[in-house]
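Comments concern the structure below.
The values are calculated or read from the model by the stated rules, or taken from the named source; none is laboratory data. Since the model is a prediction, treat every value here as computed from it, not as a measurement. Note that we place each Cβ from the backbone using ideal geometry, even for glycine, and neighbour counts take in every protein chain shown.
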Amino acid sequence: MSSPKAATRGPSWTPSRRWAAVVDCRVVSERQKVLLSWSSGKDSAWALHVLRQRGDVEVVALLTTINRTAGRVSMHAVRERLVEIQADAAGLPLWKVGIPEKCSNDEYEAAMATAMGRAKVEGIQAVAFGDLFLEDVRAYREQKLAETGIEPVFPLWGLPTAQLAREMVAAGLRAQVTCVDPKVLDRSFAGRTFDDKLLDDLPAGIDPCGERGEFHTFAWSGPMFRVPIAVVAGEIVERDGFVFADVVPA
């Protein structure tokens, strides 16, 4: 007869259970460590949400470029403090890459090369991007990462953007339009909330996700964040041929 102690331990130490535990640990350990390129906007936020649904990757940090002079994310013009709050709400560390205000391509590539060197040291195997369909942008990223041995990942690539935009909104993603190109989109869209009404109001020819640079956003709520980010609308200004709508922590 088995001792009471052996009988108690028996069910949890069968060979099949031990093997299952080994397999589970192996699956976790073999997940690809991913650094996510983070613009602060809806597409990178949605890319985080999509990647977290996958069992083969683990997003370990967010990577963003900060204009050192302005203290803001380039193009989106989002305050550095708000990106820090986003990272905290997403439960991830934030890697900041500082760049000068008038950043040359060589300066940008040197800064990113330094970041990729750090990624290699920390065992990161891939960098993910929220790009949707611009072939030249993807080709550039692939070319630069090929030199590092880090794999580029495009979790949203090729998705129909009209459907994607509605899916984002339906899932609770909310964002503020922080930048508009007035050459293609009326300046009145600056400062608006990215929601069904905005999508209904977009003129024909404007990509619903703004993939061609028609507009940029700051994501403040959605399934990728533990809590919504409280913000208030700030000043709207026109500068360098673009209309910027400031967003301020509440």
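The set of residues in region 40-71 being polar (S, T, N, Q), surrounded by fewer than 23 Cβ atoms within 10 Å (Cβ to Cβ) and part of a loop (DSSP other than H, G, I, E, B) consists of Thr69 alone. Considering region 151-250, the qualifying strands (runs of 3 or more DSSP E), each wholly inside and each with 3 or more residues that are crowded, with 18+ Cβ neighbours inside 10 Å and at negative phi, run over 174-180, 215-221, 242-249. Considering region 133-150, the residues that are touching a Pro at 6+ places or on another chain (Cβ under 9 Å) and surrounded by 14 or more Cβ atoms within 10 Å (Cβ to Cβ) include one that is farthest from Leu48 (Cα to Cα), namely Lys144.
Exactly one condition in (1) in contact (Cβ under 8 Å) with a residue 40 or more places away in the chain; (2) touching a strand residue (DSSP E or B) at 6+ places or on another chain (Cβ under 7 Å) is false for Gly210; which is it? All conditions are met except number (1). Restricting attention to region 72-103 and to residues that are in contact (Cβ under 8 Å) with a residue 60 or more places away in the chain and in a loop (DSSP other than H, G, I, E, B), the residue that is surrounded by the most Cβ atoms within 10 Å (Cβ to Cβ) turns out to be Val78. Does Glu109 satisfy the condition of being at pLDDT below 95, part of a helix (DSSP H, G or I) and under 26 Å from Asp181 (Cβ atoms)? Yes: the conditions hold for Glu109.
For (1) closer than 24 Å to Gly205 by Cα; (2) under 16 Å from the mean Cα position of the chain (by Cα); (3) hydroxyl-bearing (Ser, Thr, Tyr), each residue gets a yes or a no:
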{"residue": "Lys96", "(1), (2), (3)": "no, yes, no"}
{"residue": "Met112", "(1), (2), (3)": "no, no, no"}
{"residue": "Arg118", "(1), (2), (3)": "no, no, no"}
{"residue": "Glu147", "(1), (2), (3)": "no, no, no"}
{"residue": "Gln163", "(1), (2), (3)": "yes, no, no"}
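Every residue, every condition in (1) under 22 Å from Val137 (Cα atoms); (2) at pLDDT below 95, yes or no:
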| position | (1), (2) |
| --- | --- |
| Gly10 | no, yes |
| Ala21 | no, yes |
| Ile66 | yes, no |
| Ser74 | yes, yes |
| Glu80 | no, no |
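Condition (residue is assigned to a helix (DSSP H, G or I) and either under 27 Å from Gly210 (Cβ atoms) or of a type in the set (D, E, K, R) (or both)) applied to region 118-128: is it met by at least one residue? For region 118-128, residues assigned to a helix (DSSP H, G or I) and either under 27 Å from Gly210 (Cβ atoms) or of a type in the set (D, E, K, R) (or both): present.
Annotation for region 100-109: at least one member residue is within 13 Å of Thr64 (Cα to Cα) and either over 19 Å from the mean Cα position of the chain (by Cα) or aromatic (Phe, Trp, Tyr) (or both).
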